[in-house]
Amino acid sequence: MSWADASPVSVRVPATSANLGPGFDSFGLALGLYDVVTARVAPEGLAIEVSGTGADTAGAGEQHLVVRAMRTAFAHLGGQPPGLLLACVNAIPQGFGLGSSAGAIVAGLLAARALAGSDGTAALSDGDVLRLATRMEGHPDNVAACLAGGLTIAWDSGSESASSPGAKVARLTPLPSIGAVLCVPGSPVLTSAARAVLPPEIPHAAAAANSARAALLVAALTSRPDLLMDATEDFLHQRYRAAAMPATAALIAALRATGVPAVVSGAGPSVLAFIQDGTGPKPGDVTAIAGPDWQVQALAVDTEGARVV
C-alpha cells in the first residue's frame, strides 16, 4: 500500500451512554459531546499531541488507545505507514461511563481507514469497523452508538464468519423532544471495578422484569416519552453497583423521587437524566438537585455518529 499521497484526516466521535437503565451491554445513546482526532502519515516515527481530557496520555506511544486502534486497522488493511503524527482534542471525560475508550477506538479505526483512501474504504467496511471495535472494547454497546449515532441496540450473533459477522447493531432515532442532562462527579470509577461487583446470576423474576423494561424503553425513547420513568427502571446492575458508587446511587434516587428519569451512565459513576422539551423538569432542576459536587451539562442526542470531518 502506498502512503505517499495520503492526506491528513480528522475524525469526530461522540460521547456515548450505555445501558440506559435496563439495556445492559446492549443499549447505547450518542451524545453531543465530542473528541476530535487528526492523523497524518509521516516519513518515520510516532508523535502524539493530546489536549483537553487525558492530556497525560500523550507520552503513551504505541500503547495509546487511538494508536493501537490505528495499528489494528492498518494490519487489517495489509500494511503500516512509515510514521504517524497524531493530535487529539478531547472533551469526553475519561473513566466516567461516557464511552471515552470506545470513542478512541472508533476514531483510530476510522482515521486509519481514511488515511488509506479508497483502498481502505474497500477493504474495511462499516461492519468490519464495528467488529474490530467490539473486539478491542470487549462489548458492542458504546462502540455501536459511537459509530451509528442516535439510539442503538447492539448484540453479538455468536460467531464471526462471512455469514455471521459477530457484533451487529440496529439504529433508532429518539424523539427530537428528548434531551439529556449529564451529571459528572469529581472522581472516576474503573469499568473493571464496576463490573466486579455484579453477581454471576440473578433471579428469573428480575430477568423477566428487566426484559419488559428494556422493551418499554425503546417505545419510550421513540414514541412514548411519558413512559420514561417506568422504562428506565433497572433490575440487572444498578442496585448491585450502588455500594461501589454511593453518591451516584443517591443522586439517581433523588432525581427519580422528583420525577426525573435518571440512570447510571454506562458503568458509572456519571448519571444521565432524560428531559423533554416543554414539559416536566428542566436542566436547572437537575442542577439544583445534584448540587455543587457534580458538573451538570445539558446535551443534545447526537444523530450523526462518528464521521470524518
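The values are calculated or read from the model by the stated rules, or taken from the named source; none is laboratory data. Not measured: the values here are computed from a predicted model. Neighbour counts are summed over all protein chains in view; Cβ atoms, including those assigned to glycine, are modelled from backbone coordinates with ideal geometry.
Which ones in the stretch 120-158 are under 15 Å from Leu77 (Cβ atoms) and among the basic types (Lys, Arg)? Within the stretch 120-158, just Arg131 meets the criteria.
Only residues that are surrounded by 13 or more Cβ atoms within 10 Å (Cβ to Cβ) and either touching a residue at least 60 places away in the same chain (Cβ under 8 Å) or outside any strand (DSSP E or B) (or both) were counted in the stretch 170-181, giving 6. Does Ser157 qualify as being hydroxyl-bearing (Ser, Thr, Tyr), in the same structural domain as Thr287 (by TED's automatic domain parsing), over 20 Å from Ala15 (Cα atoms) and not in a loop (DSSP other than H, G, I, E, B)? In short, no. The single residue among Val189, Val184 that is within 18 Å of Ala262 (Cα to Cα), buried (at least 17 other Cβ atoms within 10 Å of the Cβ) and not assigned by TED's automatic domain parsing to the domain that holds Leu110 turns out to be Val184. Only a single criterion out of (1) crowded, with 19+ Cβ neighbours inside 10 Å; (2) on the phi < 0 side of the Ramachandran plot is not satisfied by Gly54, namely (2). A count restricted to the stretch 257-275 and to residues that are polar (S, T, N, Q) and within 22 Å of the chain's Cα centre (by Cα) stands at 2.
Among the residues examined, Pro261 qualifies as in contact with a Leu (Cβ under 7 Å, 6 or more places away or on another chain), outside the structural domain of Leu115 (by TED's automatic domain parsing) and either surrounded by fewer than 16 Cβ atoms within 10 Å (Cβ to Cβ) or closer than 22 Å to Pro176 by Cβ (or both). Taken together, Asp293, Asp234 contain a single residue that is among the acidic types (Asp, Glu), crowded, with 19+ Cβ neighbours inside 10 Å and out of contact with any His (no Cβ under 7 Å at 6 or more places or on another chain), which is Asp234.
When the test is whether a residue is crowded, with 23+ Cβ neighbours inside 10 Å and of a type in the set (Gly, Ala, Ser), Ala306 passes it.
For the stretch 256-284, the set of residues classified as within 21 Å of Ala193 (Cβ to Cβ) and not β-branched (Val, Ile, Thr) consists of Ser265, Gly266, Ala267, Gly268, Pro269, Ser270, Leu272, listed by residue number. Checked against the criterion of being more than 27 Å from Val271 (Cβ to Cβ), in contact (Cβ under 8 Å) with a residue 12 or more places away in the chain and surrounded by 21 or more Cβ atoms within 10 Å (Cβ to Cβ), the stretch 132-154 contains one or more residues that satisfy it. Scoring Asp25 on the criteria (1) in contact with a helix residue (DSSP H, G or I) (Cβ under 8 Å, 6 or more places away or on another chain); (2) at pLDDT 95 or above; (3) within 17 Å of Pro140 (Cβ to Cβ) leaves a single failure, condition (2).
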